[in-house]
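Written out below as structure tokens is the structure these notes cover.
The values are calculated or read from the model by the stated rules, or taken from the named source; none is laboratory data. Predicted model, so just to flag it, every value in this text is computed and none were measured. Please note: Cβ atoms are built from the backbone with ideal geometry, for glycine as well, and neighbour counts cover all protein chains shown.
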Amino acid sequence: MIDLFEVRSRVELGDLIGVSSATLSTWTTRETTPHELLIRIHLLTGWPMEYLCFGVGDLSKIKGKTNAHFSEQVNEVAPPTLSYERSVLQVYTIDNGHLAPYEKIEATVNLLQYCKVRGNENDLVVKDGFDLLFINTREIQVNQGRYLYKVNQTHQLGMMKLYPDGKIYLLEEEERYLVDESVTQIVGKVAATLKQTPISLIRPRGYKVRT
């Protein structure tokens, strides 16, 4: 990472990604790096996960000077100059029941496959608090899980389950509510979540994948 970001020391690298020198030393000693940090670097810069994780590939093709602070690039999408196949997904928020464009993220096809989405114009990402929810719009038959749905054109997120009586119920804590399928449209299933880490290793926010 020191080479990729073209900084001179661990101190400068730590300031760039928002961790202390002691934390970097611990990672070096244990020969490990938090995967959520690597995913975030990949999403913001476009550098291949293959290189960030395993050092595989031609460094000269992906190295580029990064002067801006890591946190300042949060709403940017790296130019598609790599040979790796990549896709851009629109991130939405639910604003008063409507999907409102928030930002765009770019990722390799391998990462999108891991998140169980194709990355085409039909799949989308919904920002829920600090979490990013990858919605698989091909899964519209409810079995069990969290779904994006809309009632009278109002979008909502909720846990749903198909019960043995053949009916779909919305689950909220200890209660369950019968879903009226005549007015409820399933948009897609939450296939994966980039969830904020409980311990802030990255400023201003860091994510880890949950499927």
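Scanning the range 14-58 for residues that are without any contact (Cβ under 8 Å) to a residue 60 or more places away in the chain, of a type in the set (Ser, Thr, Tyr) and surrounded by 12 or more Cβ atoms within 10 Å (Cβ to Cβ) gives SER20, SER21, SER25, THR26, THR33, THR45, TYR51.
Evaluated against (1) modelled with pLDDT of 95 or more; (2) closer than 30 Å to VAL19 by Cα; (3) hydrophobic (A, V, I, L, M, F, W, C), MET160 falls short on exactly one condition, (2).
Pairs, please: C-beta under 8 Å, at least 6 apart or cross-chain, first residue under 16 Å from VAL126 (Cβ atoms) and hydroxyl-bearing (Ser, Thr, Tyr) and in the range 152-163, second at pLDDT below 95 and assigned to a strand (DSSP E or B)? Between residues of the range 152-163 that are under 16 Å from VAL126 (Cβ atoms) and hydroxyl-bearing (Ser, Thr, Tyr) and residues that are at pLDDT below 95 and assigned to a strand (DSSP E or B), the close pairs are THR154/HIS98.
Screening VAL190 on (1) of a type in the set (A, V, I, L, M); (2) under 25 Å from VAL117 (Cα atoms); (3) surrounded by fewer than 17 Cβ atoms within 10 Å (Cβ to Cβ) shows it passes everything except condition (3).
Condition check ((1) at pLDDT below 85; (2) part of a helix (DSSP H, G or I); (3) under 17 Å from LYS150 (Cβ atoms)) across all residues:
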position	(1), (2), (3)
LYS104	yes, no, no
ALA107	yes, no, no
LEU112	yes, yes, no
GLU121	yes, no, no
ILE135	no, no, yes
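Let's see how each residue does on (1) surrounded by fewer than 13 Cβ atoms within 10 Å (Cβ to Cβ); (2) assigned to a strand (DSSP E or B); (3) in contact with a Leu (Cβ under 8 Å, 6 or more places away or on another chain):
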{"residue": "VAL117", "(1), (2), (3)": "no, no, yes"}
{"residue": "GLU139", "(1), (2), (3)": "no, no, no"}
{"residue": "VAL142", "(1), (2), (3)": "no, no, yes"}
{"residue": "HIS155", "(1), (2), (3)": "no, yes, yes"}
{"residue": "MET159", "(1), (2), (3)": "no, yes, yes"}
{"residue": "GLY166", "(1), (2), (3)": "yes, no, no"}
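Restricting the first member to the range 100-114 and to residues that are surrounded by fewer than 17 Cβ atoms within 10 Å (Cβ to Cβ), and the second to residues that are at pLDDT below 70 and part of a helix (DSSP H, G or I), no beta-carbon pair is closer than 9 Å while six or more apart or on different chains.
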